[in-house]
Structure formats: C-alpha cells, structure tokens
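The values are calculated or read from the model by the stated rules, or taken from the named source; none is laboratory data. Only a predicted model underlies this, so the values are computations on that prediction, with no experimental measurement involved. Here the Cβ positions follow ideal geometry from the backbone for every residue, glycine too, while neighbour counts run over all protein chains shown.
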C-alpha cells in the first residue's frame, strides 16, 4: 500500500512538472508573437530563445490558446494541468475533516466549532497527541477530500491551513480581525443550508487558484438556498462574510449577517500534503521583505472597493458612534483644534480605527464594535493629551 501511494505520488508530480514546462514555453511563445504583431522590441530575457520559438509559432494554430482557455490540455475546467486536483468537484460533495493545533484554548475551540458549521459535510475532531502523518493517513483511508487545521497565538486564531487530499495542494492563510458568533449575545442559530458563494476581485492566475481552493470546500447549493458566503478581496486581503437573506412584505431583500467574520491573507501554497510538507515544492510564497512587495498585488490588480481617504475630524463622524462616546469625541476634538498640526496624523489614525469599527458597509457590521470604540477613543484621548504636554 505504501509503495503504491509513493508511486502514484511520483507519477502525479512528474505530470505536473511536464505541464508546468509546457505552460512556460507557451507563455514565452505568446509574448514573442505579441511583440512581432505589435512591432515592439522582444524582451531581453527572451532574445536567446526567440529564433527557435519563432519557427514554432509560425506553424501553430489556435489549439494551445483554446486548451488554455478550457483549463488544460484535456480541457479540465478550472485547472492548469492535465491531472487537475479538483476535476471531480461538483460530481461528489466534499468531505472535510477539521482539527486544531495541540492544546487548544477555549477561544480556538469556539472558533473551530463555528467553522464546522460554515462548511457543510464537515466534521471536527480533537487533536490530542496524534501526529500529522497519522491524521492524513486516516483521512485518505476514509475518502476525506480536504483537511483543515487552525492554529492560534495566545488564544487568538491566527493561521488557517487547507490541505486538499490525496496529493495536495496545501494553502496557508493568516487570519485577522476575527469576530465570532460566541461574542454576539442572542444571535440565534445558524442556517446549515448549502450556501451560494460570491467571489469578488480574484482575477489573476493566483487569484483563480485561491478561488478554486476555497470554492471546492463547498458542495453545489440548491437554487432556493437563502444562505450566502462571500469572499471579497481587497489589496490581497480576503474578507469573509456570512449572510442569510429574506424578502419582506414589500418584496425587498433584507440581508442579515449571521457570522462569524474574519480576514484571510494568503502567504503560501505548496504542492504536497501536510505529513510531508517539508519536502513539498512551493507553488507560491509571499515575500513581504522585498523592495517591491508593498507595490505588488498578487490576487488582483484592482481595488476590491473604494476607500474614502479624506481626513475628517472625529466630530464629523460622531453620529456613527454610540452616544456614550460623544464626550470623548468632543474632548479629543478640542485638543486637536488647539494643536492641529501636531495631532493631524494621530487624529487620522484614530479616525481610521473608529471608522473601520463602526461604519456600515455593504456586508454589514456587528453592533459589538460600539463598546470597543468607547475604550479606543478614551485611550487615544489620553495619549494625545500626554503627547501635547511633553512636546
């Protein structure tokens, strides 16, 4: 059995390597063809291979372009290689197993309970002292399609690992800004219908890859399902939102957020599974310390939504804030008026924090943010007063 798995794995990696080489050659030919048609100078890194590739381009038809449009040489939709990992998606419902890191905190246990309700056909297991190799082998033996692990840092969920079985890929996401259903009083029960999915602003090749990894965690929904899950990308941060909708007496659609909510940021995709991840080839890795890292966007070239970058005084947005915070607003407003130049940057930073906490967006916000706003404004007011006194 082990020999068979090793052989299948080697054959799988070989087919992927062949497909990747063909894809690179095809991309080079398309770039040379485009340069010849437009009359532009051929890129310097292609000039050595240009003569040999031009001869091939002259005798080719639109077959490779059509194959690429359909997702591979065999026409596997949504994939980039002939043995697409998700070729059976939609034919069979996914079967998901979820667990945590060792010795999880109570907050992490609550978070994974909510994740289990998000993904239909998902099961949760206690990690215990099991090794990763044992877990992956057990999942393979029981036809599990995806294995999800959630990690934490000091009680705050910080990493989500999605491992597609039997051969990969494995995607790593950072988790931030988690608001759980357990934090919302009297929120009620969660719908367990198969959800409709909305993917926004995932347009690049890597963005489509991430979309496939997330999309095929969910089964095909029914048309009359009232449950919606949204993955909206903005500046390579994917916002997760979970809603249900209904029609009122006027036949207008009313959205209600049922949580949880969080942000995901991809930092690695590896072509392997978790039990042998050290030996797996990296398909993509985030490199945030390069000089151009701040300027580059990987999941999309465009903004997901328009952000208001104007600077406002906090008194201008006090209507958006709970009335308990008005006194803090006015105190901070007076301090800033007296020391406008010194406090400009601090005021803008505080405005951004408050605005992100209480503004109403298309996805909606929980009211749990209001007590947090009061404490934020109080702390920031004290900080600015001290800053001005000692400047």
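Quick notes
- Yes/no for residue 182 being surrounded by 15 or more Cβ atoms within 10 Å (Cβ to Cβ), in a strand (DSSP E or B), outside the structural domain of residue 7 (by TED's automatic domain parsing) and in contact (Cβ under 8 Å) with a residue 24 or more places away in the chain: no
- Filtered by the rule that a residue be surrounded by fewer than 16 Cβ atoms within 10 Å (Cβ to Cβ) and not in a loop (DSSP other than H, G, I, E, B), the range 201-255 gives 205, 245, 246, 247, 253, 254, 255.
- Selected residue [touching a residue at least 12 places away in the same chain (Cβ under 8 Å), out of contact with any helix residue (DSSP H, G or I) (no Cβ under 7 Å at 6 or more places or on another chain) and either over 24 Å from residue 123 (Cβ atoms) or not assigned by TED's automatic domain parsing to the domain that holds residue 100 (or both)] from 268, 191: 268
- Test: residue in the range 129-146 that is closer than 30 Å to residue 258 by Cα, within 19 Å of the chain's Cα centre (by Cα) and in the same structural domain as residue 216 (by TED's automatic domain parsing): yes
- Every residue from the range 129-159 that is crowded, with 20+ Cβ neighbours inside 10 Å, out of contact with any helix residue (DSSP H, G or I) (no Cβ under 8 Å at 6 or more places or on another chain) and part of a strand (DSSP E or B): 146
- Filter pass, residue 25 being surrounded by 11 or more Cβ atoms within 10 Å (Cβ to Cβ), outside any helix (DSSP H, G or I) and at pLDDT 75 or above: no
- When 109, 124, 95 are checked against the criterion of being touching a strand residue (DSSP E or B) at 6+ places or on another chain (Cβ under 8 Å) and free of Cβ contacts under 8 Å to residues at least 12 places away in the same chain, 109 stands alone in meeting it.
- Every test in (1) modelled with pLDDT of 70 or more; (2) more than 25 Å from residue 271 (Cβ to Cβ) is passed by residue 57 save one, and that test is (1).
- Answer residue from the range 36-51, given it is part of a helix (DSSP H, G or I) and out of contact with any helix residue (DSSP H, G or I) (no Cβ under 8 Å at 6 or more places or on another chain) and is surrounded by the most Cβ atoms within 10 Å (Cβ to Cβ) among those: 47
- Checking the stated criteria, residue 243 turns out to be over 26 Å from residue 165 (Cα atoms), in contact with a strand residue (DSSP E or B) (Cβ under 8 Å, 6 or more places away or on another chain) and modelled with pLDDT of 90 or more.
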